[in-house]
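Computed from the coordinates by the stated procedures, all read-outs in this text should not be read as laboratory data. Note that the structure is a prediction, hence the values are computed from the model and not measured. Because the Cβ atoms are built from the backbone with ideal geometry, glycine has one as well, and the counts that use them run over all protein chains shown.
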Amino acid sequence: DGSELVEVNNYVRSNQAEPNAEMFGLAKGRNLIVISMESLQNFVINNDMNGHEVTPFLNSLTQDKDTFYFSNFYHQTGLGKTSDSEFLVENSLYPLGGGAVFFTHSGNKFHSMSESLNEQGYYTNVMHPNNKSFWNRDMMYQALSIQKYYDVNSYEVNEGDAVNWGMKDIPFFEQSVSLMKEMPQPFYSRLITLTNHYPFDLDEEDQLIPPYDSNSRTLNKYFQSVRYMDEALKTLFDDLKEQGLYDNSIIVMYGDHYGISENHNKAMSQYLGKEITPYESAKLQRVPFFVHIPNSGKGEEITETAGQIDIRPTILHLLGVETAKDMQLGADVFSDEHEEFVIFRDGGFVTDKLVFANNACYDNETGEQIEIESCQPFIDRASQELGYSDQIINGDLLRFYDLKTGNLLLDQAEQKKP
Ligand code: GP9
Ligand code: MN
């Protein structure tokens, strides 16, 4: 019954972070282009593989005057992988512990970022060259009030333009920008890449660096495949400039989840030159997060510990949209009140000082295991916060929440009791 919402709402209200006055509205009115970078982990950024730079374009962005690069940013996905990251971005709620929320709760009421931006006059859409029903996206996107899904049928997949799971990222970006050119502005387009997906197969002409030389064929190919995606991102920026869409847009990019699972720890340990402890595994869940605001002159590397749940309030505030009434569990990363506390779906977490993984507590600085008592307060809060998120989803509680006023519609909840 909707009365659980009282406690959840109190928690959410008391954890709201005030926007940063200097950043609020910095990109107001601009088109919003969000790129989900498939399987991209942070360990390749500003790193090389046997002398080959893996992500030259993204590396250049880490030094760029218009780009914020977050180097301690974590994915928070579960079994729903890409779709879980989409859920985090649209709702600033956690995905579910078992099963993909895109499949289990597409009938729910949500107040998505798309809904908010649509109210601000944005044309909202997702672009992804896969079948529309994959991850139940066609159904879930309706619940998320996304106006249009440009699925594989919106693309012309020519001979040689597909590899691995489908359309290659370079032609995908090229055609996506042509489609954007025709959209009413401002638009919010969320683009989901596909090429850098397990098993990381590429055509020979797209292999821009040699493979790695470990016992893991997966990791060996991963570097080449990431290198291709990096090239594709460079072409996207060029395409946007060519079509005159670059200057009036903000481009946000994030890695959706890990690409290299713990099954490849031996090869990873060879590459990184250290043993992969549960502490290291947790730190390997870092994914790159970029906020690129053309001609803003604002940009730097930010080391604040943050996660995908923070993307939505961060974006909305940059676009000058208040979120004080939103039922969200993340916080604007630019806010002074943003807390360095990232909760993983399995109850693990990372703070600026601590890492909790595999039921053990570690010092975040040294990686040494320390007594569990140091982690206990955060263990409790992590389970509380995940619990509230689960309650919202499992109880479909947003039915009883009036976003406009921030009022709880509990009379209605009473009436709907079975
Ligand atoms: C499929 C793509 C990949 O459309 O988003 O999904 P994943 O397997 O990474 O969840
Ligand atoms: Mn994915």
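Assorted remarks:
- Cα gyration tensor, segment 316-418 - rounded (a/c under 1.5), prolate or oblate: oblate
- Mean Cα-pair separation over length for the chain, i.e. relative contact order, pairs under 8 Å, 6 or more apart, %: 29
- Taking θ as phi - 60° and the Karplus parameters 6.51, -1.76 and 1.60, the scalar couplings of segment 150-158 work out to 7, 8, 4, 6, 8, 10, 9, 8, 7 Hz in sequence order, x denoting glycine and proline.
- Shape of segment 46-124, Cα gyration tensor, a/c cut at 1.5: oblate
- Among the trypsin sites (Lys or Arg not before Pro) within segment 152-244, not one is in coil by DSSP while having at most 13 neighbouring Cβ atoms inside 10 Å.
- Contact order, relative form, for segment 237-315: 40 percent (alpha carbon pairs under 8 Å, 6 or more residues apart, mean separation divided by residue count).
- Magnitude of the charge dipole, the chain, Cβ model with Lys/Arg +1 and Asp/Glu -1, debye to 20: 780
- Of all beta bridges that DSSP places with both ends in the chain, some 50 percent have antiparallel geometry.
- Rounded, prolate or oblate (a/c below 1.5 giving rounded, otherwise prolate when a/b exceeds b/c) for segment 230-328 by Cα gyration tensor: oblate
- Over 27 Å between alpha carbons, listed pairs K234/K274; K109/K148; K132/K404: K234/K274; K132/K404
- Pairwise centroid distance, computed over Cα atoms, of segment 140-155 with segment 71-87, Å: 20
- Placing +1 on the Cβ of every Lys and Arg and -1 on the Cβ of every Asp and Glu, with nothing else charged, gives segment 40-130 a dipole about its Cα centre of roughly 220 debye.
- In segment 173-324, Cα pairs under 8 Å separated by at least six residues give a relative contact order of 21 percent.
- Amide hydrogen proximity for L354: with H placed 1.01 Å from N in the peptide plane, the residues at 5 or more positions away or on another chain lying under 5 Å are N364.
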